[in-house]
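Encoded as C-alpha cells, the structure appears first; notes follow it.
Any read-out appearing in this document is the output of simple, stated calculations on the displayed coordinates, not a laboratory observation. Predicted, not measured: the structure shown is a model, and the values here were computed from it. Here the Cβ positions follow ideal geometry from the backbone for every residue, glycine too, while neighbour counts run over all protein chains shown.
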Amino acid sequence: MLCSVKKISESHYCKCMYFVTNALARKIEKLATQSWKKVNLSPSHAYLLMLALEQPGIQPMSLSSQLQLQPSTITRLIEKLEDKKLLVRSSEGKQTNVFPTSKARELEPKLKQCQSEFYEKYATILGKEESARLVQTMNKMADKLVI
C-alpha cells in the first residue's frame, strides 16, 4: 500500500511530541541552511561565529552554554571556523579564548543579513505573532525539561 501523507498533522504520530518536534526541526533546518548558504556556513557555524563577533574572547564553555551544544561539538565547530580563517583561539593558562579574525569582521554584515532573511522566511510562512509565540512557548518548555 502506497502512503501519501504529506502533512505532519495527518501522520500516524501527529500527537507525539518527539515526532512533531523533530519534523518541525528538520523543516526549520532546511530554511536555515538555505539562508546561511550565502556565506558558505552551516547555521551552527554561523551562530557560533556571531557570538564570537559579539563577544571577542568568548570561552568555549560559554559558547556551549549559549548554543546548547556539547563541548566536543563546540570544539569541532571552532576547528572548522579556524580552517576557514574566521576564528582564532588563544590560551592563557588553562583558559582558552575565541576571537574573530578580520575576515570574520568583514563577513559580519552578511551574517546579520542572513539571520534577518531567515527570520523573514519563517515569519512570512508562519506569521510574525505566531512565530514569536511559538518560540516563547518552546523556550518555556525546553527550560522545564531539565534532564
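What to note about this one:
- Computed extension gain for E129 through Q55, at 0.36 nm per residue and net of the alpha carbon distance, reaches 23.7 nm.
- GNM flexibility winner over the chain from K30, K94, K15 (Cα, springs under 10 Å): K94
- Span-like helix ranges in the chain, DSSP H, alpha carbon extent 15 angstrom or more, Kyte mean at least 0.5: 43-54
- For percent of Cα pairs over 25 Å apart, the candidate list reads [x] 41; [y] 30; [z] 48; the entry that matches the value derived from this model is [x].
- Relative contact order (%) - the chain, alpha-carbon pairs under 8 angstrom, separation at least six: 21
- Ranked for footprinting exposure by Cβ neighbours inside 10 Å, fewest first, L126, L48 give L126, L48.
- For the chain, a Gaussian network of Cα nodes joined below 10 Å ranks S44, S11, S65 by mean-square fluctuation, and the top entry is S11.
- Top of F118, F99, F19 by mean-square fluctuation, Gaussian network on the chain, Cα under 10 Å: F19
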